[in-house]
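Right, one structure below, let's go through it.
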Amino acid sequence: MTSEHLSPENSAPAAFVTTQWTRVLQARGDSPDAKAALSDLCAAYYAPVFAFIRGNAPDEDTARELTQEFFARLLARHGIDMVDPQRGLFRSYLLGAVKHFLADHRDHAQRLKRGAGQPIESMDSGTDTSPGLQLPDPNAPSPDREFDRKWALTLLDRALTELAQEHNAAGKSGVFEGLKPWLTGDTENISQAEAGAELGLNEGAVKVAIHRLRRRFREVIKNEIARTVSDHARVDEEMHYLLQALL
């Protein structure tokens, strides 16, 4: 995915409605509507949380178990009640919540060790059945950066899925698939002339179609971002931040 095709500058304004995150904040997590909105957002952005936990867990199975436990706790408790609406980015809230969850999980594990009379070791060489503490790869991206990168990729994937659904409903699935490479940056092996020939369009018509598709892509991305902020004025700021996370 190339960021040059997704520049927030000069994009057409989107017609925003009350966002899901705003609904959650306004109701402070108490109403069925707020709980449904929070559940939808958590389901949509499961992947970034898993990526962050995976960067802190010894193996993938443990990471999946912890991720499921995190969301189960988040949705069962009133974790929204203390959120400051002035800092209302769902991305920031979710990252802070998962960090707090992992810290609590480590503290609980240490208390269990103390209760069992076992010494707490800062490093464990492991056994045949337990790998022990794994030192992080210094060349690997930080869990925070991986969280943001996965968040951005999830957002773009959701936008692409929505575009595909729109074109399918309009009976233009072939057009979307033919022009999709100009959204994802996968154009090394195809030219606009070749795409036009496949779609029965001349090169000028292809250029116009790509321009319109990119403009609509930006609108859909901004709408998706707007679902996760409490202030529409922050949409462009958040869009720029997430594009930087892909670099």
Point to revise | Cα-projected label distance for residue 72 with residue 205, points at 7 Å along beta-carbon direction, nm | key: 5.6
Exercise for review: Past 23 Å, Cα to Cα, is the threshold; run 150/172; 99/222; 150/222 against it and keep the listed order.
Suggested key: 150/172; 99/222
**Study point:** Pair-distance profile P(r), taking every C-alpha pair of the range 144-247, with 10 angstrom steps and integer %
**Key:** 14, 41, 29, 14, 1
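Values quoted throughout were computed directly from the atomic coordinates according to the rules given, and no laboratory measurement underlies them. Quantities reported herein were computed from a predicted structural model and do not represent experimental measurements. Don't worry about glycine lacking a Cβ; one is built from the backbone with ideal geometry, like all the others, and counts go over all protein chains shown.
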